[in-house]
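Just dropping this structure here.
A short reminder: the numbers here are calculations on the coordinates, not readings from a lab. Worth saying up front: this structure is predicted, and the values here are computed from it rather than measured. No Cβ is skipped: glycine too gets one built from the backbone with ideal geometry, and neighbour counts run over all protein chains shown.
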């Protein structure tokens, strides 16, 4: 029998496809099913009971608050950084790109720890803040800082290659046609990057709501006050409150699913109308 | 509308893009900036548009100094090399852009904008494309849209960066004539950048030849061709046969043609002798050249001649005498021009 490379291909392909599917089921689908079945083991009543607890509500509120602050901040800063890096050549540009990506390469725990070292009771600025009665660590500002730091690269990283590829010609054309800087930004720059920007914001938001490591370090785990949803999941789990833990986890998973759907829709949109992103 | 450029300097990372450019552009003139890539012609155009800054020198438009005047206040229309159309806007919105960003006090009513756009598109002969997006139209149509967009602001000065660079040869030819007519009809003052000497010679009233950030010569096309000021201009503006020579006591002698002596004002030392292929006359004779090949090129014949140490091509009209392949002949280089050798790179 002739077993040339071309004849082997279908078998190899089938094997690889099967392997991928198995991995997909074991690593992604199974956990999701476990989360949902565990949450629903006492029926919908158990889920609703968990969600009506003040602690759970506080965690959801806090997570939304932290995201509502850090995502807009990172959107604006990421846009500014991407514009700066994508449009101009200047000394130190490479260093700036490295700094933008720093949060990706640093462990989230370190990302939280730096704020403790800076603002904590024994940190550099701790005594001063204590005198002024400003609380950052083990309080909401610390959570916002840690989350913002960890999620900073998403918007900038999505936009930099896009803006570099698009070039500045359209913006220059707008300027020669009499547009001001703001008009150029709103009418030319922003429409050209809108899908990329939305994509970056979406990823940023998903991470902001799901972040655990950095937040765990600065939170202090004060129940009902500094517990975000991921932290609440861990706390409930440690309390052997399976339904509670998996209900919160299910909510986060649901968020991930929504993100995934919107992301897929965006990618489809970007692919179909190349004018938007490319 | 006159533009005055005085001693412009601009360098990027130590490399001079403009190295002392001075030039006056008159009302209604159609001026070409011609030069190889890297000669500074696009930089010069961007300086005029206000998109590039100067290290030294000054630009005045109608007597007003332009330093510190931002691009949007210059009233200069620029057609970009790749058109830079707003990809997320329809053709009509592209053309309307310059009117829509005007301050409210000077902005025409919506209806007037629409009719202005329509008449501009019709003038560009693309009246039916208003609702299309840039990615849905051809290169030649995009160029017309870019032109309409630049003209919508009624610019005092129209700048075009390689306006035909991205088009194929046939479209290019017809657009050249059309653009030249448009310039006349609208009474524009235009400056366009090109690296194609045929384009510059055909369209422009005057051509400024740039090289390494400096203007080598500014002249009308025919004078530029007939009386190039330097070996660079001579070679850039058309085919030329080149000989190495030495000048001594007002006479240039060519190394590969010991019999030839040309009178010249060039200082003594190494020199370059340039002559266009059709300017070389051939006579029957025992040498020094020998025909090694030939082919018809339209109504002209290209004759390849071998000299000791050099092969050159000569153009002959159909009726003129030409040697058979293998036959020897004598060259008359009396129309050659001699340039000091240091004027080349």
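So what is log10(I(q)/I(0)) for region B:218-332 at q = 0.09, 0.16, 0.18, 0.19 1/Å, when the Debye sum runs over its Cα atoms only?
-0.27, -0.82, -1.00, -1.08
OK, next. Just to be sure I understand: if I project the alpha-carbon convex hull of the protein assembly as shown onto a plane and average over all orientations, what area do I get in nm²? Mind showing how you got there, number by number?
Numbers: hull surface 190.0 nm².
Taking a quarter of the hull surface, the average projection is 47.5 nm².
With an 8 Å cut-off on Cα pairs and a minimum separation of 6 or more residues, tell me the relative contact order of chain A in percent.
Computed over chain A, the figure is 29 percent.
With everything on Cα atoms, drop me the angle between helix B:139-151 and the longest principal axis of chain B, reported from 0 to 90° to the nearest 10.
60
Give me the angle, in degrees from 0 to 90, between the Cα long axis of helix B:169-186 and the longest principal axis of the Cα atoms of chain B, rounded to the nearest 10.
It works out to around 60 degrees.
Under the definition of Cα pairs under 8 Å and six or more residues apart, what whole-number percent is the relative contact order of region B:1-108?
25
Using the alpha-carbon atoms, what tilt in degrees (0 to 90, nearest 10) does helix B:91-100 show relative to the longest principal axis of chain B?
That helix lies at roughly 70 degrees to the long axis.
Moving on to the next point. Beyond 27 Å, what percent of the Cα pairs of region B:1-153 remain?
Here the long-distance tail beyond 27 Å is 34 percent of all Cα pairs in region B:1-153.
While we're looking at this one, here's another question. If you take the Cα Rg of region A:126-278 and divide it by 2.2 N^0.38 Å, with N the number of residues, what do you get?
1.40
For region A:186-225, how big is the tail of P(r) above 11 Å, as a whole percent of Cα pairs?
So the portion of pairs separated by more than 11 Å is 72 percent.
How large is the Kirkwood hydrodynamic radius of region B:86-130, counting all unique pairs of alpha carbons, in Å?
Its Kirkwood hydrodynamic radius stands at 10.8 Å.
Right, something else. For chain A, what are the per-bin percents of Cα-Cα distances with bins 10 Å wide, up to the bin holding the maximum?
Answer for chain A: a P(r) of 6, 21, 26, 23, 16, 6, 2, 0, 0 percent.
Separate question: Give me the orientation-averaged projected area of the Cα convex hull of region A:188-278, in nm², one decimal.
Its Cα hull, projected and averaged over all orientations, spans 7.3 nm².
What's the average, rounded to a whole number, of partner chain beta-carbon atoms within 10 Å of each residue's beta-carbon in A:183-195? Don't skip to the end; give the middle numbers.
Values: counts 4, 2, 0, 0, 7, 6, 0, 1, 4, 3, 0, 1, 0.
That works out to 2 on average.
As a check on your grasp of the helix formula, calculate [θ] at 222 nm for chain B: sum -39500 (n - 2.57) over DSSP H runs of n ≥ 4, divide by the residue count, round to the nearest 500.
Counting only the DSSP helices, I get -7000 deg cm²/dmol.
Please report Rg (one decimal) and Dmax (integer) in Å for the Cα set of region B:275-345.
Radius of gyration, then largest Cα-Cα span, for region B:275-345: 12.9, 39 Å.
Over the Cα atoms of region B:156-262, what Rg and Dmax result, in angstrom?
18.1, 57
May I pose another question? Give me a single rounded figure for B:94-102: the average over its residues of other chain Cβ atoms within 10 Å of their Cβ.
Details: counts 2, 1, 0, 8, 6, 2, 5, 10, 3.
Counting other chains' Cβ atoms within 10 Å and averaging over B:94-102 gives 4.
Over region A:25-146, what relative contact order in percent results from Cα pairs under 8 Å that are six or more residues apart?
For region A:25-146, the relative contact order is 18 percent.
Step by step: find N for region A:70-196, compute 2.2 N^0.38 Å, then divide the Cα radius of gyration by it. What's the final number?
That works out to 1.33 for region A:70-196.
Something else: Per-residue Cβ counts within 10 Å, from other chains only, averaged over A:163-175: what number is that? Could the numbers behind the result be given before it?
Details: counts 0, 0, 0, 1, 2, 2, 8, 8, 3, 9, 16, 7, 10.
Other-chain Cβ atoms within 10 Å of each residue's Cβ, averaged: 5.
Oh, and also: Provide the FRET efficiency to the nearest 0.05 for the residue A:121-residue B:37 pair, computing r from the beta carbons and using R0 = 56 Å.
So the FRET efficiency works out to roughly 0.30.
Give, in whole angstrom and from largest to smallest, the semi-axes √(5λ) of the equivalent ellipsoid of chain B, with λ running over the eigenvalues of the Cα gyration tensor. Don't skip to the end; give the middle numbers.
Values: eigenvalues 448, 123, 41 Å².
Over the Cα atoms of chain B, the ellipsoid semi-axes are 47, 25, 14 Å.
While we're looking at this one, here's another question. For a distance above 15 Å, tell me the whole-number percent of Cα pairs in region A:22-75 that qualify. Provide the component values of the computation, followed by the final result.
On the way: 949 of 1431 pairs.
Result: 66 percent of Cα pairs exceed 15 Å.
For region A:1-119, just the Cα set please: Rg and Dmax, both in angstrom.
So, for region A:1-119, Rg and Dmax equal 24.4, 73 Å respectively.
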